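The values are calculated or read from the model by the stated rules, or taken from the named source; none is laboratory data. These figures come from a predicted structure and were not determined experimentally. Cβ placement follows ideal geometry from the backbone for every residue including glycine, while neighbour counts extend to all protein chains displayed. The protein model used for the area step is the full one, side chains on, heavy atoms only, and it has no ligands, DNA or RNA in it. Shrake-Rupley method; radii C 1.70, N 1.55, O 1.52, S 1.80 Å.
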Amino acid sequence: MTQLDIRPQPPEKEDKLTVWPYWATKMRTSSSQAEGAQREFQVATLEFIGDEDGVLTGVKCCEVDEKRKPVAGTEFVIRADLAFIAIGFAGPISGGVTKELDGQMTLNVDARRSTNVVANDRDYRTSVDRLFAAGDVRRGQSLVVWAIREGRQAAHAIDKFLMGETVLPR
Ligand SMILES: Cc1cc2nc3c(=O)[nH]c(=O)nc-3n(C[C@H](O)[C@H](O)[C@H](O)COP(=O)(O)OP(=O)(O)OC[C@H]3O[C@@H](n4cnc5c(N)ncnc54)[C@H](O)[C@@H]3O)c2cc1C
């Protein structure tokens, strides 16, 4: 088992001076990892390699720099017959609506380089007129219960914005 991580290897001890909202990272090793998993840090997956029947035989990878860009000449292949993709949400996709409205919409670029859309949790309005944001795109990766709550509150705010008043619950 080889576990790939695009981030640099975290330090053995967490930095005690790291304060909220930043997350103090440190190297953590689970019992399963200790049992024999090999971990590669600052590595990106470039390609899944298959045989003539389309069955996975390997994963082409490369090292990345601090901006997570591939470092030329560092490509390598890991033999594999099974690949699990376990990638967490890191922010709205950069090629979507946020890209189309680039320069008009204020994005919150935090230390983890996620780019959430800035809107408060009262009126849910973004910096673009008549554009509202709620849920993960606004607060960052979160939980379904928050998405439901924000969706209801945003509906209340939008109805009020359009109609001047609303009977929708907040
Ligand atoms: C792997 C994984 C596991 C998770 N497990 C849990 C869990 O166990 N419990 C939990 O509470 N939460 C979990 N979450 C988090 C939860 O899924 C999210 O917090 C929640 O779905 C956010 O809801 P949302 O409506 O804000 O965004 P989303 O559910 O992401 O909905 C956004 C929607 O917008 C659509 N969209 C995007 N761009 C456009 C466009 N240009 N035009 C039209 N539509 C567009 C997308 O297709 C999508 O349907 C998990 C998340 C992930 C990724």
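Okay, here's what the table says:
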{"read-out": "Scan of the range 126-142 for residues that are over 19 Å from the mean Cα position of the chain (by Cα), under 17 Å from I93 (Cβ atoms) and touching a residue at least 24 places away in the same chain (Cβ under 8 Å), ordered by number", "value": "L131"}
{"read-out": "Any pair with Cβ under 8 angstrom, 6 or more apart, that starts in the range 143-155 at a residue that is free of Cβ contacts under 8 Å to residues at least 60 places away in the same chain and ends at one that is in a helix (DSSP H, G or I)", "value": "W146/R139; A147/D136; E150/R138; E150/R139"}
{"read-out": "Which numbered condition T98 misses (of (1) surrounded by 13 or more Cβ atoms within 10 Å (Cβ to Cβ); (2) at pLDDT below 80; (3) in a loop (DSSP other than H, G, I, E, B))", "value": "(3)"}
{"read-out": "Selection status of R122, in a loop (DSSP other than H, G, I, E, B), farther than 23 Å from I6 by Cα and either within 11 Å of the ligand (Cβ to nearest atom) or open to solvent by 50 Å² or more (accessible area, probe 1.4 Å) (or both)", "value": "yes"}
{"read-out": "Condition met for N108 (open to solvent by 40 Å² or more (accessible area, probe 1.4 Å) and part of a strand (DSSP E or B))", "value": "yes"}
{"read-out": "Members of the range 25-78 found to be within 20 Å of the chain's Cα centre (by Cα) and among the aromatic types (F, W, Y), listed by number", "value": "F41"}
{"read-out": "Count - residues of the range 129-148 that are surrounded by fewer than 16 Cβ atoms within 10 Å (Cβ to Cβ) and farther than 25 Å from T18 by Cβ", "value": "6"}
{"read-out": "Residue among E75, E66 that is open to solvent by 50 Å² or more (accessible area, probe 1.4 Å) and modelled with pLDDT of 95 or more", "value": "E75"}
